[in-house]
Amino acid sequence: MSQMFVRVALDHPLPTLFDYRCETEAVPQPGMLVSVPFGKRMVVGLVCEVAAHSEVPEDRLRSVDNLCTACPPLSAQWLELAAFAADYYQRGLGEVALPALPQALRDASRWTRLLAPEERYRLLPAGRDALPDALPARASALRRLADELVSAGCLSAADARALHPKAVATLDAWREKGWVQLEVIEAAAVSIPVPTTASTEETEATGATPPVGTHATKSATTTIATESPMAAAQSTLDTQSPNASIDAVQASGALPVLTDEQSAAVSAIHDAHGFAAYLLHGVTGSGKTEVYLRALAALLAVDPTAQALVLVPEINLTPQFEAAFRARFAALDEGAIVTLHSGLAEGERARNWFAAHTGRARIVLGTRLAVLASLPRLAIICVDEEHDPAYKQQEGLRYSARDLAIWRAKQLGIPVVLGSATPSLESWWQADQGRYKRLTLARRAVADATLPAVKLIDLEDERRRGRASTEGLSGPLIAALKARLERGEQSLVFLNRRGYAPQLACDACGWVAGCPRCSAYVVLHKPERALRCHHCGWESRIPRACPECGNVDIAPLGRGTQRVEETLATVVPGARVLRIDADSTRRKGSAQALFSDVHAGEVDILVGTQMVAKGHDFRRVSLVGVLNADMALFSHDFRAGERLFAQLMQVSGRAGRAGLPGEVLVQTRYPRHALYHALARHDYIGFANATLAERRDAHLPPFVYQAMLRAEGRTLEAALAFLQQAAEALHEIPAAERVTVYDAVPLTIVKVMHVHRAQLLIESASRAALQATLRAWQSMLRTLKGVLRWSIEVDPLDI
Ligand code: ADP
Ligand code: ZN
Ligand code: ZN
């Protein structure tokens with residue numbers, strides 16, 4: 001029998017593939033998972049190539065332990081995507097590919113269970129009546145189980161076990177009582193759909209083996225093709241307007257009549273042939289979601305096995321989107337719409353990933369990590385709020401999900417829609433260049449809804465006139481809040497700082513509470529009665545007196561959301577105040593409950609951080625108050641202005657969405673600042689053009705390309721010395737002639753968890769020169785010593 005060898009990518013920083021002998025019963029294919037010995041451990045890797053020979057000497061070759069046949073192989077296109085991301089972001093292929101897979105696949109001991117039927121307990125009406133009241137008050141584990149079951153309606157045996165080791169025994173007991181029923185779902189209903197013609201060409205061009213479904217049984221997608229009303233729409237699509245043809249695929253109920261602007265956008269996307277990037281520039285409330293819905297419907301109608309990927313920046317926005325998509329695509333079968341984000345339980349995430357991988361999921365809604373999902377029939381990508389910094393992963397593989405989405409669309413020859421009221425300047429510039437097609441929604445979609453009036457409250461002027469603020473809330477803002485309360489309308493107060501106060505200080509000696517592990521002050525959290533470091537999580541009790549001088553009059557300095565919440569309760573008597581920030585939503589599912597309270601009108605004033613600023617369609621908010629925005633005006637980061645402007649436009653956009661006239665009050669000491677003027681005129685375009693002109697003059701992105709080398713050392717000197725050596729090494733790289741090197745500098749927060757951090761920025765007007773430099777630099781950096789860690793970030797967002 002002839003020998004077989006596989007070349008395997010492992011989650012390891014070395015950018016090489018590892019050869020193994022393969023003597024398994026099943027035939028290896030590229031894209032399959034294998035378990036292989038590595039050092040003293042067994043690890044899971046990804047087969048990238050299958051070969052008849054290996055260069056590695058016979059005595060050093062080890063053998064594959066196990067080949068995963070439960071999961072159909074990842075496609076050549078997906079491997080290509082991972083390889084591109086690895087190359088672009090300067091990582092090993094395995095470092096990109098393996099973390100992108102669900103945990104269950106990366107654990108070989110769980111492979112067999114992937115094929116096992118899934119057992120699911122579904123809550124019955126009797127159970128809904130009885131739980132959780134029938135449980136003993138102190139049985140907290142049982143209560144958690146009941147809570148999960150009541151909120152989700154059903155629970156897999158695996159997820160139940162994850163909650164509590166004996167949960168399944170409990171569920172079986174509940175089954176005896178008629179509270180739940182057991183459902184068994186055959187996982188074998190999976191198949192990899194046949195690649196489209198376009199993708200077959202693609203795979204041939206790269207010389208890789210096309211994927212073959214190893215466990216093809218009855219194809220779920222074929223069923224949809226024959227039974228779905230979408231098939232009926234197919235024939236009418238080319239002859240009718242997008243409105244008419246799409247109506248045919250949507251379940252029932254009246255669809256909103258598209259505005260002219262929405263219609264034009266949907267038609268443009270529908271007319272795309274092959275790759276096309278659309279920048280959907282739509283003011284807040286202009287109905288961008290409706291454009292995604294129609295664009296998807298049109299595509300899914302043409303191709304009954306097509307898949308769509310919709311990215312949102314925040315986990316908290318997925319329920320709102322999921323509800324809209326489920327309502328609209330009610331004609332699709334139950335598993336056809338799935339979500340992918342880090343808030344899902346492991347089992348659910350694996351199932352949803354699998355549904356995407358096998359083609360059963362037609363629409364995948366997710367946060368940035370979903371851009372790396374396996375989607376063999378992907379036909380359109382939408383990136384909502386494309387400017388949002390949350391699309392950039394800030395640890396490990398520091399990728400931009402938006403940028404990868406564009407690359408993926410190009411690879412597959414499909415449309416990608418980037419939506420935003422305040423596009424990133426990178427995308428705006430691409431549209432200026434004609435590389436992206438601009439689609440504009442200049443008006444709000446709901447009849448009578450206009451953009452809110454933005455007014456600046458000059459805090460200096462207020463002070464000069466002797467009109468005092470109360471705890472940071474100016475007179476005009478308090479009056480406006482009271483007026484809304486009287487009219488029964490909602491208000492939103494936005495402050496991008498959580499906690500009670502950013503500092504706790506002693507007036508007598510100048511002491512300020514700091515973190516023992518970081519070079520940072522600790523934040524006072526009043527309800528939790530704690531001082532907390534927002535950088536490392538260190539926590540301590542609030543001291544009664546100054547630890548330096550014994551003064552008992554230590555006082556909080558500055559304001560966070562908790563303090564504003566407290567103040568509002570006293571200055572607007574009778575108002576129901578709700579705070580939404582990372583602290584108030586720590587418990588899983590709690591954010592959803594809080595947002596529901598707002599939508600249900602059970603809240604008069606909502607206080608929050610950027611969590612409340614994004615995307616939410618609050619129908620009754622007519623006033624937005626903005627506190628402490630000035631902080632970001634004078635940052636050393638050249639993107640701070642762009643970010644602040646986007647954030648303020650976003651939060652302003654929460655006001656007046658459903659016909660109530662909206663008002664935005666921005667408290668500032670700099671009412672003449674150009675940024676606020678553009679904001680008051682809702683003038684994104686003016687702001688973008690002016691800022692781009694400044695960037696061009698200053699040779700900043702998007703006119704140059706940047707990369708950042710970060711080093712972490714036991715001392716700052718060690719980190720800086722490493723970067724100094726690294727900078728010198730650049731002289732030996734020919735491509736670096738076209739690269740500018742800046743001085744190594746400490747990070748703003750130098751020390752986190754006792755580790756000192758510094759960074760070195762390099763940039764070039766040539767993307768190719770920068771990439772070539774980074775590639776050569778990597779191998780030189782590996783030989784340098786003296787630091788704990790170093791990493792390269794391409795296209796850094798935080799400078
Ligand atoms: P955006 O994401 O652009 O801020 P949304 O997609 O949240 O805006 O839409 C704002 C509101 O307008 C939503 O309540 C939506 O239901 C509504 N809407 C969208 N399109 C239309 C339309 N054509 N007619 C009436 N209402 C619409
Ligand atoms: Zn003191
Ligand atoms: Zn700390």
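Listed values, structure above:
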| quantity | calculated |
| --- | --- |
| Hits in the range 358-373 (condition: open to solvent by 30 Å² or more (accessible area, probe 1.4 Å) and in contact with a Pro (Cβ under 8 Å, 6 or more places away or on another chain)) | Arg368 |
| Any pair with Cβ under 6 angstrom, 6 or more apart, that starts in the range 671-696 at a residue that is under 11 Å from Met649 (Cβ atoms) and ends at one that is open to solvent by 40 Å² or more (accessible area, probe 1.4 Å) | His682/Leu451 |
| Arg106 surrounded by 14 or more Cβ atoms within 10 Å (Cβ to Cβ) and at pLDDT 85 or above | yes |
| Qualifying residue in the range 374-393 (condition: among the hydroxyl-bearing types (Ser, Thr, Tyr), away from ligand 2 (no atom under 16 Å from the Cβ), more than 16 Å from Leu280 (Cβ to Cβ) and open to solvent by less than 40 Å² (accessible area, probe 1.4 Å)) | yes |
| Qualifying residue in the range 774-794 (condition: hydroxyl-bearing (Ser, Thr, Tyr), over 27 Å from Thr715 (Cβ atoms) and surrounded by fewer than 20 Cβ atoms within 10 Å (Cβ to Cβ)) | no |
| In the range 518-541, the residues that are basic (Lys, Arg), within 19 Å of Arg579 (Cα to Cα) and touching a Lys or Arg at 6+ places or on another chain (Cβ under 8 Å) | Lys526, Arg529 |
| Qualifying residues in the range 255-299 (those that are in a loop (DSSP other than H, G, I, E, B) and surrounded by fewer than 18 Cβ atoms within 10 Å (Cβ to Cβ)) - the one nearest to ligand 3 (Cβ to nearest atom) | Phe275 |
| Test for Ser342: is it crowded, with 23+ Cβ neighbours inside 10 Å and away from ligand 2 (no atom under 16 Å from the Cβ) | no |
| Condition met for Ala501 (within 16 Å of ligand 2 (Cβ to nearest atom), open to solvent by less than 60 Å² (accessible area, probe 1.4 Å) and touching a residue at least 24 places away in the same chain (Cβ under 8 Å)) | no |
| Qualifying position, being open to solvent by 30 Å² or more (accessible area, probe 1.4 Å), more than 16 Å from ligand 2 (Cβ to nearest atom) and more than 30 Å from Arg620 (Cα to Cα), among Gly475, Gly466 | Gly466 |
| Residue within the range 736-752 that is open to solvent by 40 Å² or more (accessible area, probe 1.4 Å) and farther than 29 Å from Glu642 by Cα present | yes |
| Those residues of the range 533-551 which are free of Cβ contacts under 8 Å to residues at least 40 places away in the same chain and loosely packed, with under 15 Cβ neighbours inside 10 Å, in sequence order | Gly537, Glu539, Ser540, Arg541, Pro543, Arg544, Ala545, Pro547, Gly550 |
| Qualifying position, being within 16 Å of ligand 2 (Cβ to nearest atom) and either exposed (fewer than 14 other Cβ atoms within 10 Å of the Cβ) or at pLDDT below 95 (or both), among Ala582, Ala555 | Ala555 |
| Residue check, Gln610 within 16 Å of ligand 1 (Cβ to nearest atom), out of contact with any strand residue (DSSP E or B) (no Cβ under 6 Å at 6 or more places or on another chain) and open to solvent by 20 Å² or more (accessible area, probe 1.4 Å) | yes |
| Selection status of Val50, β-branched (Val, Ile, Thr), out of contact with any His (no Cβ under 8 Å at 6 or more places or on another chain) and buried (at least 16 other Cβ atoms within 10 Å of the Cβ) | yes |
| Where Leu568 falls short, out of the listed (1) open to solvent by less than 30 Å² (accessible area, probe 1.4 Å); (2) within 34 Å of the chain's Cα centre (by Cα); (3) within 16 Å of ligand 2 (Cβ to nearest atom) | (3) |
| Unique residue being at positive phi and away from ligand 3 (no atom under 16 Å from the Cβ) when the list is Gly653, Gly641, Gly625, Gly659 | Gly659 |
| Verdict on Leu311 being open to solvent by less than 10 Å² (accessible area, probe 1.4 Å) and closer than 25 Å to His599 by Cα | yes |
| Residue check, Pro452 away from ligand 3 (no atom under 16 Å from the Cβ), loosely packed, with under 14 Cβ neighbours inside 10 Å, of a type outside the set (Val, Ile, Thr) and under 30 Å from the mean Cα position of the chain (by Cα) | no |
| Condition check for Met42: within 34 Å of the chain's Cα centre (by Cα), surrounded by fewer than 16 Cβ atoms within 10 Å (Cβ to Cβ) and closer than 24 Å to Trp353 by Cβ | yes |
| Single unsatisfied condition, Lys588 versus (1) touching a Ser or Thr at 6+ places or on another chain (Cβ under 9 Å); (2) farther than 25 Å from Lys288 by Cβ | (1) |
| Top-ranked residue of the range 507-522 - restricted to ones that are more than 10 Å from ligand 3 (Cβ to nearest atom) and aliphatic (A, V, I, L, M), ranked as surrounded by the most Cβ atoms within 10 Å (Cβ to Cβ) | Ala513 |
| Some residue of the range 589-606 being crowded, with 16+ Cβ neighbours inside 10 Å, under 25 Å from Asp384 (Cα atoms), of a type in the set (Val, Ile, Thr) and out of contact with any helix residue (DSSP H, G or I) (no Cβ under 7 Å at 6 or more places or on another chain) | yes |
| In the range 641-667, the residues that are more than 16 Å from ligand 1 (Cβ to nearest atom) and under 17 Å from Trp428 (Cβ atoms) | Gly641, Glu642, Arg643, Leu644, Phe645 |
| Single unsatisfied condition, Gln490 versus (1) within 16 Å of ligand 1 (Cβ to nearest atom); (2) open to solvent by 60 Å² or more (accessible area, probe 1.4 Å) | (2) |
| Complete set of residues in the range 523-532 that are open to solvent by less than 40 Å² (accessible area, probe 1.4 Å) and either more than 11 Å from ligand 3 (Cβ to nearest atom) or not in a strand (DSSP E or B) (or both) | Leu524, His525, Ala530 |
| Residue identified as open to solvent by 30 Å² or more (accessible area, probe 1.4 Å), in contact with a helix residue (DSSP H, G or I) (Cβ under 7 Å, 6 or more places away or on another chain) and not hydroxyl-bearing (Ser, Thr, Tyr) among Ala331, Ala355 | Ala331 |
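The values are calculated or read from the model by the stated rules, or taken from the named source; none is laboratory data. Every value quoted in this text rests on a predicted model; they were computed, and no experiment measured them. Please note: Cβ atoms are built from the backbone with ideal geometry, for glycine as well, and neighbour counts cover all protein chains shown. Areas reflect the complete protein model, heavy atoms only, side chains present, ligands, DNA and RNA absent. Shrake-Rupley method; radii C 1.70, N 1.55, O 1.52, S 1.80 Å.
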